[in-house]
Amino acid sequence: MKVQLSNGQSIPIEMHKVRIVQKTTLPPIRQRLRAIEEGGYNTFLLRTRDLFIDMLTDSGTNAMSDNQLAAMMVSDDAYAGGESYYKLLDAVKDVLGFEYCLPVHQGRAAEHLLGKIMIKKDGVVPMNYHFTTTKAHFEMAYGKVLEIYCDDALETSSTNPFKGNLDLDKFRKVIDEYGADRVSFVRMEATTNLIGGQPFSMSNLRGVQQIAEKHGIPVVIDCSLISENAYFIQQREAEYANTSIADIVREMMSYADLIYLSGRKSTCVRGGLIATKHENYFEQLKAWLPVYEGFITYGGMSSKEIEAMTVGLREMVDPDVASSSADLIEYFVNEMVKRGIPAVTPPGGLAGHVDAMKFLPHIPQTQYPAGALAAALYLVSGVRSMERGTISMDRDAAGNDVPSDIELCRMAVPRRVYTMSHIAYVVDRLDWLYRNRQLVGGLEFYSEPPVLRFFTGKLKPLDNWGSRLADAFAAEFGENF
């Protein structure tokens, strides 16, 4: 929630009380240098003991509510037919409006199952933007992902409130070019992770559904950040200014044939689900679920997580919950902009993002500027962010890098975990780094897996720039910070 102070300033205020805390530490600069070297300049390979503020992701790192924790204590651990599943099913009907639901252990498990039943061989999947695991699963199922975002979606400095919109004219052209029969489905991601957590509008989703229905094409929504997308619709789409988050979510769901989500985000639980209005999709998925996930009433999740997800689904449409991360991200982005840091605007869901090519214009994409920025930020702050750029793209069939459309350093803001003082610290260290950006150099791989290399690949700094950056930081702040 945002409140206005007597001096006219608007700030995000936490609509919760902190009852349980987890201790953190600020490792000194030399410890951080050793840690990033041992981790191959890949922030995924850092250990918690070497972190101060963990902004790698909001997936599975959000704070759960007291009611979620309480619900976990009354779960039904039955292997089959557990009552916890039926509570989840009721919540899916009430909040999302779908008759059929299957739990899965997380979002990418849902993508794998969708690939099994919905991807047509040599078919295409148009979408407002891909996510890393989405593209991997759909291509492994012999589908082709088509990015049909609007022309200004990749402009990192923008006033467009809905850069996550799908270009309707491009959608029509895809249908004309490939034929409706080859379009497996159209996918909308709420919000678009890889281009800065940017939302789509209700009018755009409605337009997508109308075109799809005309041609018999299913509409699939990745609902991992659905409550935040609904909040942005309420705040930015005039027609919905006086509509509740709950009603906005229900209308969004009415335009979908099937949805899936990583519960680790909006519902603050380590799990996921698939929901649909169509019995035929449900029956097809039900056949494969026990093969890859577990029985249909637990789907790879613990019953405790299912109980917590049930509560989380209902809580996510509370306006104070839906806005908790988005408002703090807005404050974060605005503070970066004030200091001239090239943040992605307008603020989106999930994270504060920095345009690494503008931050480090001297580093070519072949030397992974977003990865270099994430490593450099950790070095000068103890803050773990992550790369969303060329490292997050897999190589082509010839072994060549595929340059990312944009190079982003992503600083996730988990729900109800960090405060304004944490954000102020991150902004200060980014500001110092930006003023000393000439000390940061590029990276090159020395250990690289064949797929999703950003998770476990290892890199080294060209010309040993990490040590020089650490020396410059220590000279100004001392060895203990």
(request) Output the helices (runs of 4 or more DSSP H) that fall wholly within the stretch 319-412 and possess 2 or more residues being open to solvent by 10 Å² or more (accessible area, probe 1.4 Å), or say none. (result) 319-322, 324-338, 356-359
(request) For residues that are in a loop (DSSP other than H, G, I, E, B) and of a type in the set (Ser, Thr, Tyr), scanning just the stretch 413-453, find the one that is farthest from Asn193 (Cα to Cα). (result) Thr419
(message) I'm trying to understand the selection: among the residues of the stretch 254-308, which are touching a Gly at 6+ places or on another chain (Cβ under 9 Å), of a type in the set (D, E, K, R) and either outside any loop (DSSP other than H, G, I, E, B) or closer than 25 Å to Val413 by Cα (or both)?
(response) Arg264, Lys265, Arg270, Glu305
(message) Give me the residue from the stretch 69-84 that is closer than 27 Å to Arg19 by Cβ and hydroxyl-bearing (Ser, Thr, Tyr) and, out of that set, least open to solvent (accessible area, probe 1.4 Å).
(response) Ser84
(request) For Glu99, work out the one condition from (1) touching a strand residue (DSSP E or B) at 6+ places or on another chain (Cβ under 9 Å); (2) open to solvent by 70 Å² or more (accessible area, probe 1.4 Å); (3) more than 22 Å from Gly294 (Cβ to Cβ) it doesn't fulfil. (result) (3)
(request) Identify, by number, the condition in (1) of a type in the set (A, V, I, L, M); (2) within 16 Å of the chain's Cα centre (by Cα); (3) part of a loop (DSSP other than H, G, I, E, B) that Ile217 doesn't meet. (result) (2)
(message) Against the condition more than 30 Å from Thr276 (Cβ to Cβ), acidic (Asp, Glu) and exposed (fewer than 15 other Cβ atoms within 10 Å of the Cβ), how does Asp66 come out, does it pass?
(response) yes
(request) Quickly run through the stretch 1-29 and pick out the residues that are surrounded by 13 or more Cβ atoms within 10 Å (Cβ to Cβ) and of a type in the set (Lys, Arg). (result) Lys2
(request) Give the residue, chosen from Arg172, Arg187, Arg182, that is charged (D, E, K, R), over 22 Å from Ala356 (Cβ atoms), buried (at least 24 other Cβ atoms within 10 Å of the Cβ) and out of contact with any Cys (no Cβ under 9 Å at 6 or more places or on another chain). (result) Arg187
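Part of a loop (DSSP other than H, G, I, E, B), farther than 20 Å from Val317 by Cα and open to solvent by less than 30 Å² (accessible area, probe 1.4 Å), is that true of Leu56?
Working: part of a loop (DSSP other than H, G, I, E, B): yes; farther than 20 Å from Val317 by Cα: yes; open to solvent by less than 30 Å² (accessible area, probe 1.4 Å): yes.
Judged against the criteria, Leu56 is a match.
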(request) Could you please let me know if His105 is in contact (Cβ under 8 Å) with a residue 40 or more places away in the chain, in contact with a strand residue (DSSP E or B) (Cβ under 8 Å, 6 or more places away or on another chain), open to solvent by 40 Å² or more (accessible area, probe 1.4 Å) and within 22 Å of Trp288 (Cβ to Cβ)? (result) yes
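The values are calculated or read from the model by the stated rules, or taken from the named source; none is laboratory data. Worth saying up front: this structure is predicted, and the values here are computed from it rather than measured. Using ideal geometry, Cβ is built from the backbone for each residue, glycine included, and neighbour counts are taken over all protein chains shown. Accessible surface areas use protein heavy atoms only, side chains included; no ligands, DNA or RNA. Shrake-Rupley method; radii C 1.70, N 1.55, O 1.52, S 1.80 Å.
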